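The values are calculated or read from the model by the stated rules, or taken from the named source; none is laboratory data. A quick note: this is a predicted structure, and the numbers were derived from the prediction, not measured. When we count neighbours, we look across all protein chains shown, and the Cβ atoms used for this are built from the backbone with ideal geometry, even at glycine. When the accessible area is computed, the model is the full protein with side chains, heavy atoms only, and any ligands, DNA or RNA have been set aside. Shrake-Rupley method; radii C 1.70, N 1.55, O 1.52, S 1.80 Å.
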Amino acid sequence: MENEIREEIKTKKRIVVKIGSSSLQHRETGDLDYNRMEVLVRELCNLRNQGKDVVLVTSGAIAVGKKAMGLTGTEKKDNHLGIKQACAAVGQARLMMIYQKIFSEYNQVAAQILMTKDTIVNDFNRNNARNTFSELLSLGVIPIVNENDTVATYEIGIGDNDTLSAIVTALIGADLLILLSDIDGLYTDDPRSNPEARFIEEVEELTEEYCRMGKESTGSDVGTGGMNTKINAARIATNSGADMIIANSADIRIIHRIMDGRRLGTLFKEHRQEEFDLVSFVEHLHE
């Protein structure tokens, strides 16, 4: 039965892939890891060549901007909202330039979409965003999505790209979300601190017991999403009718292995809830 469920992954037609900051940088220097970015782009282009719609949700803009401007991020002033927004403005352009260059090497067109909470909550903005995604995908373009950190504040920000990727999944009617992280998937406890933690290969339905496992923990000082944000993303994705997989980005080629139906990462099975209201959910994100 489990193998049959994984085999179904091969049939997915519209896929959102999210990758975090720590997966794109050299741990020692904080500089972008071009080899990993190149592998990521190749994997996405190969999915596109199979006729699948592909969307990339990528972190890294603020970190790239801080590096460009010689900020360490360790000083209090480096994490001031105004500094972060300035770093995002610098980093977003640099990050997109690099992505565009690598995608072009595989004859693939990429486009940038920046979103905030207001993109979803406002009816006009939401419909406009959905139409933009639809047109880009129909043209064979791969949208690259990030939160618009240059203007986002606590009130209008989504806050993390795990949640953002799930919101995009729901918005565009994707049937699979792959969250690439620095951990293999969901465990009963944090495996970094508890060697007895048990790996969970499949979540048929997201119960309160699983939600309690989503603690505030992350092995990175670069990213913003711990396991709790991934559980939050699973709630949005599965309620909107998409499967979601959390997988380790140590080898980014795991993307095609997942799409081949291999039992990798934690699979959260879609559990569509007709009463699920994406707008209301996003509206109350920070409450």
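Yes or no: Ile113 out of contact with any strand residue (DSSP E or B) (no Cβ under 9 Å at 6 or more places or on another chain), closer than 18 Å to Lys18 by Cβ and crowded, with 16+ Cβ neighbours inside 10 Å? No. Selection of the stretch 27-63 for residues being under 19 Å from the mean Cα position of the chain (by Cα) and either assigned to a loop (DSSP other than H, G, I, E, B) or modelled with pLDDT under 85 (or both) yields Asp33, Lys52, Ser59, Gly60, Ala61, Ile62, Ala63. Inspection of the stretch 129-140 finds no residue satisfying the criterion of being under 17 Å from the mean Cα position of the chain (by Cα) and either farther than 26 Å from Gly51 by Cβ or open to solvent by 30 Å² or more (accessible area, probe 1.4 Å) (or both).
Does Ile183 meet the test of being touching a residue at least 60 places away in the same chain (Cβ under 8 Å), closer than 15 Å to Glu283 by Cα, open to solvent by less than 50 Å² (accessible area, probe 1.4 Å) and part of a loop (DSSP other than H, G, I, E, B)? Here the answer is no, as Ile183 does not meet what is asked. Kindly evaluate Arg48 against the criterion of being touching a Gly at 6+ places or on another chain (Cβ under 9 Å), of a type in the set (D, E, K, R), open to solvent by 40 Å² or more (accessible area, probe 1.4 Å) and touching a residue at least 12 places away in the same chain (Cβ under 8 Å). So Arg48 fits the description; yes. Consider the stretch 251-269 and keep the residues that are part of a loop (DSSP other than H, G, I, E, B), touching a residue at least 60 places away in the same chain (Cβ under 8 Å) and under 17 Å from the mean Cα position of the chain (by Cα). The one that is nearest to Glu7 (Cα to Cα) is Gly265. Name the residues in the stretch 196-218 that are assigned to a loop (DSSP other than H, G, I, E, B) and modelled with pLDDT of 80 or more, would you? Within the stretch 196-218, Glu196, Ala197, Arg198, Glu201, Glu204, Glu205, Leu206, Thr207 meet the criteria. Kindly check whether there is at least one residue in the stretch 27-35 that is surrounded by 22 or more Cβ atoms within 10 Å (Cβ to Cβ) and out of contact with any helix residue (DSSP H, G or I) (no Cβ under 6 Å at 6 or more places or on another chain). No: the stretch 27-35 contains no residue that is surrounded by 22 or more Cβ atoms within 10 Å (Cβ to Cβ) and out of contact with any helix residue (DSSP H, G or I) (no Cβ under 6 Å at 6 or more places or on another chain). Checking each residue in the stretch 22-39 for being touching a residue at least 40 places away in the same chain (Cβ under 8 Å), touching a Leu at 6+ places or on another chain (Cβ under 8 Å) and of a type in the set (A, V, I, L, M) picks out Leu32, Met37.
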